[in-house]
Amino acid sequence: MTEKYNFSKFKFFAILILTLIGIALCIELSIIFYKTNFLVDASRSFCAISEFIDCDGVAKTPYSLSMGVPNAIWGLILYLVFLMLLFVDRIQNKFKNTIFDVFENPSSYITSLALLSFGISMILAFISIFKIHKICTLCFCTYIIDLFIAFFAKGKGFFIEDIKTTIKDFIKGAKKYFALFIIVLIAFISTLIYLDRSLILSPKLKKERINKEFYEATYNKYAVKGNFLGKKDAKITINIYSDYNCPFCRITNTMIHKAAKEESIKVNEYNFPIDTKCNKKVYFTLGGHESSCLASKYALAAKKQEKFWDVSNVLFYKSYQTDDDIINFLKEAKIDMDYDKLRKDANSESVNKELQSEIELVHSLGVNGTPTLEINGVMYLGGMPYDELIKKIKTEIKRESK
């Protein structure tokens, strides 16, 4: 190597060997990530030794990605950059007067990048040990490699000059190729945003993120108004048999609302409160369901004012015991309706008969638990992940189109 790169022969080969080992480790980590996130029945990797030393377990967590890209891929990119910087003089000789000319002090760049990577690695190590409670031995090997590369590549002093040189050269290069720098930066950021939001590189985490949206929601952001949900000309009918105080019914309700925006379906909801005050088809009232009959009556009463889904989506997310509680929550939600009429209708004999009719119908279908979904005549008891719901809907749509 020429002197301007500040590499002795020993340093050059030490960094080269460490870089090649890092590339090999990152390739293996990428394979582990692929197997654990894309293959259903993948065998355990050789470094999944115990509950604590478990590369597979770490690869399954959200912390195995940064900005939608597996950390193993980030590591591979880093080591390939190191490899390029080690041989940048030869590249410059072959491609003169090109963008490669901006790399004037590659040893400083390797030092700075290795230090940055090691710093990030320490954060990941902390998360791994104290939050995930699992460690990936191969990952920790790359952390040590990064530190050794930084020491071998550094110039005089304790890294400060290398960092200063890197920043100075980066600014100089960005100014020289400003237009190209902006284009690449925009493309890079746009790609990362897409990968982070889509999670196409980790379908398991994508599924978890989608379901987390429903499990942690404090309101239904897909809520509709009126008495109808879906498309009136849809060939796929989904009947939901639910209880307003059932947590999984709340989750399913929100999922169905989202599905109605994405697929051609029409939705009907039928009340089956697990509350013996009105439902004699159940043997006892489940804990937390003591006001389920009351909620069902208010939902049915709201239909008379074309406010069924407006009211339903409040009832699913609130805790109430009395008529006043419900009325106050509906007013807080700023639902425009006649509340005196709503209270009167909810406590009327006609609404009670309508509720009993729904309970009889649901029971006659063999439903004894909530939530239960009926998709074009096919019954599904209990909640299901959103992707599974969409898959079942698409299957029925395909079947109807034949």
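Here the Kirkwood formula, the inverse mean of 1/r across different C-alpha pairs, assigns segment 92-174 a hydrodynamic radius of 14.3 Å. For the chain, the list of Cys residues with no other Cys C-beta under 4.7 Å reads C26, C141. Rounded to the nearest 20 debye, the dipole magnitude of the chain is 1180 debye, with +1 charges on Lys and Arg beta carbons, -1 on Asp and Glu beta carbons, and the Cα centre as origin. Counting only DSSP beta bridges whose two residues both lie in the chain, roughly 60 percent are antiparallel. Ordering I238, N220, S350 by Cα displacement along the dipole of segment 217-401 toward the positive end leaves I238 in first place; charges were set at the Cβ atoms of Lys, Arg (+1) and Asp, Glu (-1). Database remark: amide H of L65 closer than 5 angstrom to the amide H of N71 (H placed geometrically; neighbours at sequence offset of 5 or more, or on other chains; Pro and chain starts carry no H). Here's how it looks for I53: its modeled amide H is under 5 Å from those of I135, which are all 5 or more places away or on a different chain. Per the Cα gyration tensor, the chain maps to an equivalent ellipsoid with semi-axes of 61, 22, 20 Å, ordered largest to smallest. Cα gyration tensor of segment 135-190, axes a ≥ b ≥ c as square roots of the eigenvalues: rounded (a/c below 1.5), prolate (a/b > b/c) or oblate? Oblate.
Considering helices alone, the calculated mean residue ellipticity of the chain at 222 nm is -19000 deg cm²/dmol, with DSSP H runs of length four and up weighted by -39500 (n - 2.57) and normalised per residue. Counting charges near S202 (Lys, Arg +1; Asp, Glu -1) among other residues having Cβ under 15 Å from its Cβ returns a value of +4. Applying the Karplus relation 6.51 cos²θ - 1.76 cosθ + 1.60 with θ = phi - 60° to segment 125-130 yields 3J(HN,Hα) values of 5, 4, 4, 4, 6, 9 Hz, where x marks Gly and Pro. The distance linking segment 204-256 with segment 303-362 is 19 Å (Cα centroid to Cα centroid, whole angstrom). Using the Karplus relation 6.51 cos²θ - 1.76 cosθ + 1.60 with θ = phi - 60°, the per-residue 3J(HN,Hα) values for segment 187-204 come to 5, 5, 5, 4, 5, 5, 4, 4, 5, 5, 7, 7, 6, 5, 8, 8, x, 5 Hz, with x marking Gly and Pro. Under the criterion of Cα pairs below 8 Å and six or more residues apart, the relative contact order for segment 217-401 equals 29 percent. Separation of segment 21-68 from segment 273-294 is 47 Å, based on Cα centroids. DSSP loop trypsin sites (Lys or Arg not before Pro) in segment 105-206 with at most 12 other Cβ atoms within 10 Å of their Cβ, which ones? For trypsin sites (Lys or Arg not before Pro) across segment 105-206 that sit outside H, G, I, E and B with at most 12 neighbouring Cβ atoms in 10 Å, the list reads K156. Over 28 Å apart at the Cα level, from the set K11/K35; K266/K297; K134/K156; K258/K307; K131/K392; K297/K331, are K11/K35; K134/K156; K131/K392.
In order along segment 95-109, the Karplus-derived 3J(HN,Hα) couplings, from 6.51 cos²θ - 1.76 cosθ + 1.60 at θ = phi - 60°, round to 10, 6, 6, 10, 4, 5, 5, 6, 7, 8, 10, x, 4, 5, 5 Hz, and Gly and Pro are given as x. A P(r) calculated from all alpha carbon pairs of segment 149-286, with 10 Å bins opening at zero, reads 9, 20, 20, 16, 11, 10, 9, 4, 0 percent. According to the square roots a ≥ b ≥ c of the eigenvalues of the Cα gyration tensor, what is the shape class of segment 3-201, taking rounded for a/c under 1.5, prolate for a/b larger than b/c otherwise, and oblate for the remainder? Since a/c reaches 1.5 and a/b is larger than b/c, the shape of segment 3-201 is classed as prolate.
Every read-out reported here was derived from the displayed coordinates using simple, explicitly stated rules and does not represent laboratory data. Keep in mind that what you see is a predicted model, and the values were worked out from it rather than measured. Glycine gets a Cβ as well: all are built from the backbone with ideal geometry, and neighbour counts include every protein chain shown.
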